[in-house]
1. Please list, ordered by first then second residue, the pairs with beta carbon atoms under 6 Å, 6 or more apart or interchain, first in region 188-211 and closer than 13 Å to VAL104 by Cβ, second acidic (Asp, Glu).
2. Would you please name the residue that is surrounded by the most Cβ atoms within 10 Å (Cβ to Cβ), looking only at residues in region 183-205 that are within 30 Å of the chain's Cα centre (by Cα) and among the β-branched types (Val, Ile, Thr)?
3. Spot the failing condition for PRO105; the list is (1) surrounded by fewer than 18 Cβ atoms within 10 Å (Cβ to Cβ); (2) under 16 Å from ILE25 (Cβ atoms), and only one is missed.
4. Failed condition for LYS155, given (1) open to solvent by 30 Å² or more (accessible area, probe 1.4 Å); (2) in contact (Cβ under 8 Å) with a residue 12 or more places away in the chain, with all others met?
5. Of the residues that make up region 106-118, is at least one touching an Asp or Glu at 6+ places or on another chain (Cβ under 7 Å), under 24 Å from PRO206 (Cα atoms) and among the small types (Gly, Ala, Ser)?
6. In region 28-53, how many are of a type in the set (Lys, Arg) and either surrounded by 11 or more Cβ atoms within 10 Å (Cβ to Cβ) or outside any loop (DSSP other than H, G, I, E, B) (or both)?
7. For a quick check of your reading: which helices (runs of 4 or more DSSP H) sit entirely within region 206-325 and have at least 2 residues that are among the acidic types (Asp, Glu) and within 21 Å of the chain's Cα centre (by Cα)?
8. Kindly evaluate PHE254 against the criterion of being open to solvent by less than 20 Å² (accessible area, probe 1.4 Å) and not hydroxyl-bearing (Ser, Thr, Tyr).
Amino acid sequence: MSPFPVLVADPVGTPSLWLITIAAILGLLALDFAVTRKPHEVRMREAVAWSVFYVAIPVAFGVWVWQSHGSQRGLEYYTGYLVEKSLSVDNLFIFLILLTAFAVPRRLQQRVLLIGVAGALVLRGIFIALGAQLISSFAWAFLLFGAILLLTAVKVLRDAMTPHHDTIDISSLRSVRLLRRIWPVTDDYEGSRLSVVRDGRRWLTPMALVVVAILGTDIVFAIDSVPAVYGITEDPYLVFVTNAFALLGLRALFFVLAGALASLAHLGYGLAAILAFIGVKLVAHWAHGVWMWVPEIPTLLSLGVIVGILATVIITSLVARRREEAAPATEPLERVEPVEPVEPVEPVELAGRR
């Protein structure tokens, strides 16, 4: 049996497909852990190669969904994947802030990211199962999910409008404060180890703190992303695979986009618009079940709107960045004190000259 309730008439995920998919995802995670077993600094060429690999897999899988289950399921899959990938880029910005705040060495960063990805996959699976059960039992779950996304859109918009929203006070994180009260923390990193034994006592390393912080943010991301993809498709299998494929490529995508994230100044506005649009779509879907005259938003239109929003914010961000770089630096001129007039000097006669 499928691990999730059946919400659609023609579900993509059969019991055997579920088992194969979960086994494949675990295999890819094991491959990533093997690659990051020896800490090293990730070069751009390596990051791009892995990013291409993790984009090619979901694109090819979408072709199979399209051919095997029709264009509607194919559109739902690609739209859901695009939404999850877009949200993951915003997640990367938070990861970047955390890695910087904890001063994680570059050679250890990919191991931290991979642990965060593994934790996110587990959390997403739990939230997807709960969401599927909620939708199958209560029709108003779509209204609830829509309200969550609309509130999240407001928060994302406020964050985007807040200047200098690029720091996190580590001491204010509850999880970090709790760990520091229970266990002592070393001053330096001990490779990729989360704890060490000193003088017969267990000490946590800064690696453990940053992992806990990232896992904490994973919970927040799951609350946002799972309702978002349920706004695109009601098939729990498609919800799961779109989340899994978007997460698996985060480790490599981080090193590709780390430098470019600062250039996407308008990304927050775009994500707020996407979340608000999907929230409205979910509310409209609920309302259509109550009042038939309320129209539903088709998947093809959703895909067009999401692509349009992403293209717009990318273009406007790049244009704003170029204008900022092209603008001449205007520094305030120093105040020049007026110069006192100099009195003329009388000519001096040289001795012995007439």
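The values are calculated or read from the model by the stated rules, or taken from the named source; none is laboratory data. Source: prediction; values computed, not measured. No Cβ is skipped: glycine too gets one built from the backbone with ideal geometry, and neighbour counts run over all protein chains shown. Side chains included, ligands, DNA and RNA excluded: accessible areas come from the protein's heavy atoms. Shrake-Rupley method; radii C 1.70, N 1.55, O 1.52, S 1.80 Å.
1. THR205/GLU190
2. Among those residues, the one meeting the criterion is THR205.
3. (2)
4. (2)
5. Yes, region 106-118 contains a residue that is touching an Asp or Glu at 6+ places or on another chain (Cβ under 7 Å), under 24 Å from PRO206 (Cα atoms) and among the small types (Gly, Ala, Ser).
6. First, pick out the residues of region 28-53 that are of a type in the set (Lys, Arg): 37-38, 43, 45.
Filter again for either surrounded by 11 or more Cβ atoms within 10 Å (Cβ to Cβ) or outside any loop (DSSP other than H, G, I, E, B) (or both), leaving 45.
Within region 28-53, residues that are of a type in the set (Lys, Arg) and either surrounded by 11 or more Cβ atoms within 10 Å (Cβ to Cβ) or outside any loop (DSSP other than H, G, I, E, B) (or both) number 1.
7. Values: elements: 206-230, 236-248, 250-257, 267-290.
Where helices (runs of 4 or more DSSP H) fall fully within region 206-325 and carry at least 2 residues being among the acidic types (Asp, Glu) and within 21 Å of the chain's Cα centre (by Cα), they are 206-230.
8. On the way: open to solvent by less than 20 Å² (accessible area, probe 1.4 Å): yes; not hydroxyl-bearing (Ser, Thr, Tyr): yes.
Answer is yes for this residue.
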